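Taking it in order: structure first as structure tokens, then the write-up.
The values are calculated or read from the model by the stated rules, or taken from the named source; none is laboratory data. A quick note: this is a predicted structure, and the numbers were derived from the prediction, not measured. Cβ: placed from backbone, ideal geometry, glycine included. Neighbour counts: every protein chain shown. The accessibility values were calculated without ligands, DNA or RNA, using every heavy atom of the protein model including side chains. Shrake-Rupley method; radii C 1.70, N 1.55, O 1.52, S 1.80 Å.
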Amino acid sequence: MASSDRVLMAEIGAAHGIRGEVRVKPHGDDPMALADYGPLETQDGTRSFEILSLRPQKHMLIVRFKGVNDRNAAEALTRTRLYVPRERLPEPDEDDFYHADLIGLPVYDESGELLGKVATIANFGAGDLLEIRPVGSTSFFLPFTREAVPEIDIANGRILAVPPEGLFAPGEPEPQDGGEDPDADDDGDSD
């Protein structure tokens, strides 16, 4: 199964206690639904994780996986990313998107200038942000709102952005196209 056929659902953080529980950062709208999609898998599909129990704790979940029975086993899972095969997920609503569908898409401004590609979708507590990585320049964050991102065209593989005024502070260079192919995979990551 290709990595594009898997959707990132969560990432395992630190161990929690001594009985094998771990902190898990969910990436969906409904964190408690993480157990509804069957076993979670690593990106390459070589390992599978069955959830025995989960409970919310602030912005995380405390999860117990089958076969993880002590702190040492839990610690060995730190930073493991958990995926679900796409066919197990419902089709997103019209204004909803799986992060996996946005990562790598080129982002253009209203004049058609390439701003960069979506590197990640982050949320530091005040709403989702698209991290845009320009060719040969420092990445920047764009609010993932209808005003800043009025059009997402998954079928044609492009995003239209209207960066908020002041996003590029005076004296700081705006992203440059650099003339490179926006579809070229520059980092080898195919999330």
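For the reader, a short list of remarks on this structure follows.
- Separation of the T78 and E94 label points, Cα + 7 Å toward Cβ, nm: 4.6 nm
- Along the range 33-50 the Karplus relation, 6.51 cos²θ - 1.76 cosθ + 1.60 evaluated at θ = phi - 60°, assigns HN-Hα couplings of 7, 3, 7, 7, 9, x, x, 8, 9, 6, 4, 7, x, 7, 10, 10, 10, 9 Hz to successive residues, with x for each Gly and Pro.
- Computed over the chain, relative contact order equals 19 percent, with contacts defined as Cα pairs under 8 Å that lie 6+ residues apart.
- For K66, the lysines whose Cα comes closer than 28 Å to its Cα, not counting residues fewer than 8 places off in the same chain, are K25, K58.
- Rounded to the nearest Hz, the phi-derived 3J(HN,Hα) couplings of the range 135-148 under the Karplus curve 6.51 cos²θ - 1.76 cosθ + 1.60 (θ = phi - 60°) are 6, x, 9, 6, 6, 9, 9, 10, x, 8, 10, 5, 5, 7, where x marks glycine and proline.
- Neighbourhood charge, 14 Å Cβ-Cβ cut-off, centred on H59 and excluding it, Lys, Arg +1 and Asp, Glu -1: 0
- Annotation: peptides 93-101, 12-20, ranked by per-residue average of other Cβ atoms within 10 Å with the highest first, follow the order 12-20, 93-101.
- 222 nm mean residue ellipticity, helices alone, for the chain (DSSP H n ≥ 4; -39,500 (n - 2.57); rounded to 500): -1000 deg cm²/dmol
- Tail fraction, Cα-Cα pairs, the chain, threshold 31 Å, whole percent: 27 percent
- S53 paired with T138, simple spin-label distance in nm, labels 7 Å along Cα-to-beta-carbon: 4.7 nm
- Taking 7 Å steps out from each Cα toward its Cβ at A35 and E113 produces label points 5.1 nm apart.
- By accessible area, using a 1.4 Å probe on protein heavy atoms only, the chain has 47% of its surface on carbon and sulfur.
- Using θ = phi - 60° and Karplus 6.51 cos²θ - 1.76 cosθ + 1.60, couplings along the range 12-24 (whole Hz; Gly, Pro as x): 7, x, 6, 5, 10, x, 10, 9, x, 6, 9, 7, 10
- Amide N of the range 36-73 lying under 11 Å from the label point, which is placed 7 angstrom from the Cα of I18 along Cα→Cβ: 71
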